[in-house]
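Chemist: Let me begin by handing over the structure; questions about it come next.
The values are calculated or read from the model by the stated rules, or taken from the named source; none is laboratory data. Being a predicted model, the structure only gives us computed values, none of them experimental. Neighbour counts run over all protein chains shown; Cβ positions are idealised from the backbone, glycine included. For the accessible areas, the whole protein counts, side chains as well, though only heavy atoms, and no ligand, DNA or RNA atoms are used. Shrake-Rupley method; radii C 1.70, N 1.55, O 1.52, S 1.80 Å.
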Amino acid sequence: MESNNKKIQIALPNGIELFIKREDLLHPIISGNKFRKLKYNIQEAKRLGHATLLTFGGAFSNHILAVAGAGAEFGFKTIGVIRGEELECKINENPTLAQAQELGMQFYFVSRAAYRDKEQPSFVSHLHEKYGNFYLVPEGGTNDFAIKGCEEILTDTDKEYFTHIICAVGTGGTISGLINSSSEKQQIIGFSSLKGAFLSEVIRNFVSKTNWSINDNYHFGGYGKVTDELIQFLNSFYSQTAIPLDPVYTGKMVFGILDWIEKGYFPPNAKILMIHTGGLQGIKGMNFALKNKNKEILQYDKD
Ligand SMILES: Cc1ncc(COP(=O)(O)O)c(C=O)c1O
């Protein structure tokens with residue numbers, strides 16, 4: 001088995017085997033699916049002769065930090081258009097933005113209304129007037145170059161050995177790459193981190209195979225929302241396996257997969273590979289919010 005696939009050593013019924021692919025360990029800052037998504041975007045930005053990367057994200061965005069890290073590593077200036085004007089005076093209270101700033105990212109804080117229109121040509125022209133020429137990386141990093149990078153997640157052995165490949169889904173780019181590179185006999189399942197069934201439509205634009213499905217029963221109230229049950233589960237999973245999961249994406253996915261196994265939704269002897277897409281940088285920010293509400297916090301952190 002490939003070295004970054006780790007077997008989960010907990011008792012499972014019906015001969016089921018469960019592995020996790022530690023993509024989170026690919027890079028300390030450009031972690032998990034961000035490494036895959038940015039690889040060909042960086043090559044394209046270089047090919048086109050750009051000196052600046054501009055992208056969009058929310059307060060604790062994994063993607064914002066990854067773009068800041070990629071800029072620092074590959075010699076680009078970076079600009080982050082951030083949702084929420086109120087964050088401008090709170091950079092030092094926000095571990096994601098503080099670290100992105102240290103890596104050289106310049107921020108443009110915009111209202112939620114302006115952020116909703118961020119892909120409108122008029123807003124993009126406004127950004128060009130303000131910042132000149134730049135290579136635009138979409139929110140969440142998902143575009144054709146990102147999907148090409150995500151097609152490199154599965155190795156040939158993975159495509160042979162596993163019956164089910166499972167990842168967390170936000171914008172749909174990661175699962176699209178997995179679907180494109182999977183073998184027809186495999187099932188690719190996405191556990192959605194957001195409420196709403198719109199994701200399947202987005203994914204259909206990027207893939208032609210049909211060996212996939214999206215499950216949206218484990219979003220725990222919606223994007224970025226957590227419950228006491230989820231936090232307790234993540235702490236106990238970490239103490240059993242020493243694998244840290246993030247509370248926004250991979251944690252919800254692993255909770256859902258173990259629940260599915262318990263409910264008998266996988267066939268006997270299923271060989272399941274879950275993808276650890278990173279996101280651990282978000283734990284500090286989540287713990288800050290949980291502490292403020294006097295809630296149980298995650299007992300592990302990246303540092
Ligand atoms: C840690 C993590 N896992 C999974 C995802 C979901 O990936 P995608 O947006 O490609 O569906 C994201 C968001 O990009 C993420 O930050």
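Chemist: Given the condition within 17 Å of the chain's Cα centre (by Cα) and under 27 Å from Asn180 (Cβ atoms), answer yes or no: does some residue in segment 223-231 qualify?
Modeler: yes
Chemist: Just checking, how many residues over segment 155-184 are more than 11 Å from the ligand (Cβ to nearest atom) and touching a residue at least 60 places away in the same chain (Cβ under 8 Å)?
Modeler: 9
Chemist: Same structure again: Can you confirm whether segment 67-74 contains a residue that is open to solvent by 60 Å² or more (accessible area, probe 1.4 Å) and without any contact (Cβ under 8 Å) to a residue 24 or more places away in the chain?
Modeler: No, segment 67-74 contains no residue that is open to solvent by 60 Å² or more (accessible area, probe 1.4 Å) and without any contact (Cβ under 8 Å) to a residue 24 or more places away in the chain.
Chemist: Could you check, for segment 191-200, whether at least one of its residues is farther than 21 Å from Phe60 by Cβ, within 16 Å of the ligand (Cβ to nearest atom) and free of Cβ contacts under 8 Å to residues at least 12 places away in the same chain?
Modeler: Yes, segment 191-200 contains a residue that is farther than 21 Å from Phe60 by Cβ, within 16 Å of the ligand (Cβ to nearest atom) and free of Cβ contacts under 8 Å to residues at least 12 places away in the same chain.
Chemist: Only one of Phe233, Phe266 is in a loop (DSSP other than H, G, I, E, B), of a type in the set (A, V, I, L, M, F, W, C), more than 16 Å from the ligand (Cβ to nearest atom) and surrounded by 13 or more Cβ atoms within 10 Å (Cβ to Cβ). Can you tell me which?
Modeler: Step by step, each of Phe233, Phe266 is checked, and only Phe266 is in a loop (DSSP other than H, G, I, E, B), of a type in the set (A, V, I, L, M, F, W, C), more than 16 Å from the ligand (Cβ to nearest atom) and surrounded by 13 or more Cβ atoms within 10 Å (Cβ to Cβ).
Chemist: Here's another thing I want to ask about it. Suppose we filter segment 32-72 for residues that are closer than 25 Å to Lys159 by Cα and modelled with pLDDT under 95; how many remain?
Modeler: 0
Chemist: Among the residues of segment 269-290, are any open to solvent by 20 Å² or more (accessible area, probe 1.4 Å), in the same structural domain as Lys159 (by TED's automatic domain parsing) and closer than 22 Å to Gly15 by Cα?
Modeler: yes
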